[in-house]
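Right, one structure below, let's go through it.
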Amino acid sequence: MSSSQALAMTLASSYPYLDALNAPQREAIETLEGPLLILAGAGTGKTRVLTTRIAHLLNLHMARPHEILAVTFTNKAANEMRERLTHLLGREVEGLWLGTFHSLCVRILRRHAERLDLSPSFTILDTDDQLRLMKQLMRAEGIDEKKWPPRVVLANIGRWKDRALTPEKVGAGDVKTPEDPSVQLYGYYQERLEALDALDFGDLILKVMELFKSAPDVLAHYQETFKYLLVDEYQDTNVSQYLWLRLLAMGHRNVCCVGDDDQSIYGWRGAEVSNILRFEKDFPGAKVVRLEENYRSTPHILGAASALIAHNRGRLGKTLWTQHAGGEKVRVQGVWDSQEEARFVASEIENLISRGENLAQIAILVRASFQTREFEDRFMTLGIPYRVVGGARFYERQEIRDALAYLRVVAYPQDGVAFERIINLPRRGIGATTLQTLHHHARAQGISLTQACYDLLDTDELRGKTRTSLEMLLRAFERWRETAKTMSPHEIARIVLDESGYTSMWQEDKSDDAPARLENLKELVRALTEFATLPEFLDHVSLVMDNNTSTEGERVSLMTMHSAKGLEFETVFLPGWEEELFPSPRSVKETGQEGLEEERRLAYVGITRAKVRAFITHAANRCIHGRWQSSQPSRFLDELPKENILTARVGGVKTTHLGWSAASYTQDIVAPASNPYKVGEKVFHIKFGYGHVVCVEGDKLTIDFAKAGTKKVVASFVEKA
């Protein structure tokens, strides 16, 4: 033990804030020299430890404020740490280097801009500015924006910057196809930024790295200045952030990284879980302190989460525990379909309300955004206030509003607002000038925008492609209205979205959010199956969008599991734990075992958001990729320990797992009735339609449906045709 450490420990006894800490927390705070990794499990008080460590360094006079660098991932986290620090010390701390990666890099770059041929007042481009610049470059190079969307090109460039790849370092293996112009545009883009004396967000870290490389004296200055480095959420760092931190830590080597490898869920946006896994190799002699005492959840919730995450190979390992006793087991609920899932969750929430539970302490965490639709509809019907966190409500999403605009014009030809929204969506060559002409005529004659189109098509006002496109659009609406007289609402919706080219527009879009938008459109079409007419559905949507517009008062939170990281609730519902939904087949297909392990970490994050009770639901039938199909329970359900969960069923559907039978501890199990069906018999299923029985196994039938294909279903859910 060094003399400074001995002195620090002697002085530490006089600081009462240490008395409230558990032993590992105190060890993490009092280990003041050398590299330190704090493995902080969910709900173990990592923010408290990080903040108290800074306060302790200042109180012991181990460092002055400007000699401490503390990095967070969000401004919110930085502000929270600053407030806690002020409370601990009883004063505001001036000069502390506390902030996000980007804000700290800007601070360094403003000071040394001239060393990079930048002016101290360089511009930082926002997303819109970046997009505008990229479009200019693509037009100048004659690159087709439809084939290579500018947003996708910028996303590629952003990923390369996250990996510290400058244009000359991007190789052939970093692009999906040789024809991809992203690499070429990356070089032009950087040249243009330099000419504009501008940087984008990805440049902020790369430029500091360039500064350190080209100006060793500047690097040496900061390595000497920062005696202590503290990094929050280390598991979420990307390659550029990792290299930046490692360079600065080579000075005094007093680097403290706080993170949880089990909560690394942002690999899709550049985070490298390997950064935290190799900490001890990067910093030889590093000490590892595990924070495992959880102050948030019950023993059953922690037991379920810990057993689940233990199946991951790529982890440093820790087991959460709590001094709390008792608590409810995690409830695993099997339901017939997603509609019944929504009814079940809403019913449980009503029960909680009747017991006086706070709505703000209830959350529904979904894997995919399209899952929120049925919960929103159900809550509207029952009058349960809700909010969608981290995104728009289902019927407020861009692609849904666009699709609804098409349907409104089919049902209500005089709806000028809806018609204007989609008149050039997808692009038909009907520009602003044409629209202005149409509006002028409509106002002058006191007619609808649609009628104005018909009027001007009878004149020579509109010519060429514009005239042809507008005429084709009007004829299409006439055809769809006629078809709607004899066709169900969901069928006409599918036809409209396909024939208008709107679905194709998103299918051809290569942006990261395009697949989710397509799933939302399929969910919209499925929503129409519940209504007899198109106007009836549109009236329903209007009521939904009018409901819960106030942000005041308690309301249930609806969000994806990714959005829930860092949050906690008394009660958490986790719907949709089925194969082909969770784990995400796309994630597993693209990155294999790594993708599966990240999905499992996401499941772990979801469960550990719950403080008192957690519900996991899975449906026997779900509409995936626009088609109803029988669903298998998620493989993650197999990995939950029997002693921590309670399984149940709704509507005659038994909760079964892939690797074990739930019969030994499933509530309310009844023997199946005798099967009255025979091979070859024609039957009807409410979701799959008509079909013929091809196999009979106990109370299960394998049926060849005319439209849905071969499905395995429970006999009690079909009837003789």
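What the table shows:
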read-out: Only listed residue being assigned to a loop (DSSP other than H, G, I, E, B), of a type in the set (Lys, Arg) and surrounded by fewer than 17 Cβ atoms within 10 Å (Cβ to Cβ), chosen from ARG479, ARG427; value: ARG427
read-out: Single residue of ARG246, ARG253 found to be open to solvent by 30 Å² or more (accessible area, probe 1.4 Å), assigned to a loop (DSSP other than H, G, I, E, B) and in contact (Cβ under 8 Å) with a residue 24 or more places away in the chain; value: ARG253
read-out: Any hit, region 581-589, residues being within 19 Å of ASP261 (Cα to Cα) and surrounded by 21 or more Cβ atoms within 10 Å (Cβ to Cβ); value: yes
read-out: Identity of the residue in region 283-306, outside any strand (DSSP E or B) and of a type in the set (A, V, I, L, M), that ends up nearest to VAL605 (Cα to Cα); value: ALA305
read-out: Matching entry among ILE157, ILE143, ILE68 (being over 20 Å from LEU204 (Cβ atoms), crowded, with 20+ Cβ neighbours inside 10 Å and among the hydrophobic types (A, V, I, L, M, F, W, C)); value: ILE68
read-out: Tally, over region 482-499, of residues that are open to solvent by 70 Å² or more (accessible area, probe 1.4 Å) and at pLDDT 90 or above; value: 4
read-out: Pair list, Cβ under 9 Å, 6 or more apart: region 502-525 residue farther than 16 Å from ALA155 by Cα and touching a residue at least 12 places away in the same chain (Cβ under 8 Å), other residue polar (S, T, N, Q) and outside any helix (DSSP H, G or I); value: ARG517/SER511
read-out: Selection from region 572-619 of residues that are modelled with pLDDT of 95 or more, out of contact with any helix residue (DSSP H, G or I) (no Cβ under 8 Å at 6 or more places or on another chain) and small (Gly, Ala, Ser); value: GLY606
read-out: Count of residues meeting criterion [buried (at least 20 other Cβ atoms within 10 Å of the Cβ) and at pLDDT 85 or above] in region 539-558; value: 3
read-out: Given (1) in a loop (DSSP other than H, G, I, E, B); (2) open to solvent by less than 10 Å² (accessible area, probe 1.4 Å); (3) farther than 30 Å from HIS618 by Cα, index of the condition PRO413 fails; value: (2)
read-out: Pairs where the first residue, in region 553-566, is acidic (Asp, Glu) and the second is open to solvent by 10 Å² or more (accessible area, probe 1.4 Å), C-beta under 7 Å, 6+ apart; value: GLU554/ASN358; GLU554/LEU359; GLU554/ALA360; GLU554/PRO385
read-out: Single residue of region 91-146 satisfying the filter (touching a residue at least 60 places away in the same chain (Cβ under 8 Å), touching a strand residue (DSSP E or B) at 6+ places or on another chain (Cβ under 9 Å) and in a loop (DSSP other than H, G, I, E, B)) that is farthest from HIS66 (Cα to Cα); value: LEU125
read-out: Pair list, Cβ < 8 Å and 6+ apart or interchain, from region 166-179 residues that are farther than 16 Å from TRP148 by Cβ and modelled with pLDDT of 85 or more to residues that are of a type outside the set (S, T, N, Q) and open to solvent by 40 Å² or more (accessible area, probe 1.4 Å); value: PRO167/VAL183
read-out: Residue within region 111-119 that is at pLDDT below 95, under 35 Å from the mean Cα position of the chain (by Cα) and either among the β-branched types (Val, Ile, Thr) or open to solvent by less than 20 Å² (accessible area, probe 1.4 Å) (or both) present; value: no
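The values are calculated or read from the model by the stated rules, or taken from the named source; none is laboratory data. Every value quoted in this text rests on a predicted model; they were computed, and no experiment measured them. A quick note on method: Cβ atoms are made from the backbone with ideal geometry, for glycine too, and the neighbour counts reach across all protein chains shown. The protein model used for the area step is the full one, side chains on, heavy atoms only, and it has no ligands, DNA or RNA in it. Shrake-Rupley method; radii C 1.70, N 1.55, O 1.52, S 1.80 Å.
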